[in-house]
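Okay, so here's the structure we're looking at.
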Amino acid sequence: MSDQNTDPTTLQPTQPSPGPRRGAPRSACVVVIHGEGLGKRADIDGTPLLIGRAQEADLCLPGKSVSRRHCEIRQSGEDYLLRDLGATNTTRLNEQPVDEAVLADGDHVTVGETILKFISDSSVEAHYHEEVYQLATHDALTELCNRRHFIELADKEIARAQRHARPLALCIVDVDLFKPVNDQYGHIAGDGVLRRIAMVMRELVRGEDLAARIGGEEFAVLLPEADLDAAAHFAERLRAAVAAEPFVLGGEARRLTVSIGIAGLSTAHGSRSRLMQAADAALYRAKESGRDRVCVQG
Ligand SMILES: Nc1nc2c(ncn2[C@@H]2O[C@H](COP(=O)(O)OP(=O)(O)OP(=O)(O)O)[C@@H](O)[C@H]2O)c(=O)[nH]1
């Protein structure tokens with residue numbers, strides 16, 4: 001992929017959902033309280049929050065009545081300003097059409113058929129919504145992103161990579177011979193293995209990478225700004241780290257391994273589903289050729 005875009009402001013990757021962060025300072029946010037994506041939350045911090053139908057919107061709301069760039073909310077000193085961006089169906093604030101207005105805690109912002117609730121950083125509701133959001137977007141066992149949230153963030157990240165002609169790679173990681181672990185040591189011990197593997201993954205990923213549990217014993221890591229070589233390097237480190245990890249099962253340290261399939265964004269694999277298919281095919285080859293290995297798309 002070309003390296004032509006050097007504007008640092010457009011190269012910022014989508015911030016992956018940070019996972020549980022109890023006790024961290026909260027930012028103001030909007031939460032979908034009616035319409036598609038119920039419960040979805042978007043934080044408003046340093047940069048303006050773009051709301052619209054466009055893939056690159058920070059809060060992407062599907063629906064014909066939503067304009068591609070519908071409105072934005074940005075912080076201005078202590079205030080949060082809502083601004084309509086010339087949407088066909090004008091943004092409404094507490095049911096009244098609005099061009100620009102300062103938001104107050106609890107305000108309702110209507111975007112097409114979706115209603116958002118603005119929650120200020122000092123609101124007592126913020127903690128509740130944070131918990132609900134964590135439950136909806138993260139896997140309870142491993143605390144990694146869940147499949148649905150991964151797909152949502154991956155779609156955004158892929159759109160961003162394509163827009164700026166940046167590389168991006170996907171690793172799919174599958175635990176080898178996991179069924180015998182469950183069969184021999186029980187499901188709870190198996191759960192412990194999955195948690196431990198998630199910890200190993202978390203230690204290796206960079207801040208902008210996105211790690212998720214996408215199936216029972218299947219994980220995914222999306223690597224923005226990584227070409228196939230960089231992804232293969234990462235995957236090999238992950239494979240080796242898991243292979244070196246002493247998993248305590250039945251009171252003894254046991255070695256377990258993972259197989260990893262990698263695919264990179266390209267014209268042939270230009271959508272999330274194509275990318276996942278290609279990484280899955282590579283994973284299949286890794287399993288077929290003996291497990292405990294990394295295979296890159298053919
Ligand atoms: N403990 C536990 N096991 C799970 C969970 N989700 C799926 N599994 C188990 O994961 C196992 C997956 O086994 P298989 O798909 O047959 O594959 P495998 O034994 O890992 O073999 P290969 O993938 O071919 O290396 C099954 O026994 C599932 O019951 C979970 O949340 N916890």
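The values are calculated or read from the model by the stated rules, or taken from the named source; none is laboratory data. Owing to the predicted nature of the structure, the values given are computational and were not obtained by experimental measurement. No Cβ is skipped: glycine too gets one built from the backbone with ideal geometry, and neighbour counts run over all protein chains shown.
Which condition does Val181 not pass, out of (1) at positive phi; (2) assigned to a helix (DSSP H, G or I), if it passes all the others?
Here Val181 meets the rest and fails (1).
Please find, among Ile197, Ile151, the residue that is of a type in the set (Val, Ile, Thr) and under 14 Å from the mean Cα position of the chain (by Cα). Please lay out each step first, then the result.
On the way: Ile197 fails: under 14 Å from the mean Cα position of the chain (by Cα).
When all the criteria are applied, what remains is Ile151.
Take the conditions surrounded by 15 or more Cβ atoms within 10 Å (Cβ to Cβ), away from the ligand (no atom under 16 Å from the Cβ) and assigned to a loop (DSSP other than H, G, I, E, B) and apply them to Arg166. Does it pass?
On the way: surrounded by 15 or more Cβ atoms within 10 Å (Cβ to Cβ): yes; away from the ligand (no atom under 16 Å from the Cβ): yes; assigned to a loop (DSSP other than H, G, I, E, B): yes.
The answer is yes for Arg166.
Being within 25 Å of the chain's Cα centre (by Cα), within 16 Å of the ligand (Cβ to nearest atom) and free of Cβ contacts under 8 Å to residues at least 40 places away in the same chain, is that true of even one residue in the range 288-295?
yes
Just checking, how many residues over the range 59-79 are outside any loop (DSSP other than H, G, I, E, B) and modelled with pLDDT under 95? Talk me through it step by step, then tell me what you get.
First pass over the range 59-79, keeping only residues outside any loop (DSSP other than H, G, I, E, B): 59-60, 71-76, 79.
This time we only want the ones that are modelled with pLDDT under 95, so: 59-60, 75-76, 79.
Of the residues in the range 59-79, 5 are outside any loop (DSSP other than H, G, I, E, B) and modelled with pLDDT under 95.
Sort out for me the strands (runs of 3 or more DSSP E) sitting completely within the range 199-298 that have 2 or more residues that are surrounded by fewer than 19 Cβ atoms within 10 Å (Cβ to Cβ). Break it down into steps so the answer makes sense when it comes.
Working: elements: 210-213, 218-224, 247-249, 252-254, 258-264, 294-296.
Ranges flagged: 247-249, 252-254.
Here are Ile158, Ile197: which of them is within 15 Å of the ligand (Cβ to nearest atom), touching a residue at least 40 places away in the same chain (Cβ under 8 Å) and in the same structural domain as Ala240 (by the TED database)?
Numbers: Ile158 fails: within 15 Å of the ligand (Cβ to nearest atom).
Answer to the check: Ile197.
Given (1) over 23 Å from Ala154 (Cα atoms); (2) touching a residue at least 40 places away in the same chain (Cβ under 8 Å), identify the lone condition not met by Ala136.
Every listed condition holds for Ala136 apart from (1).
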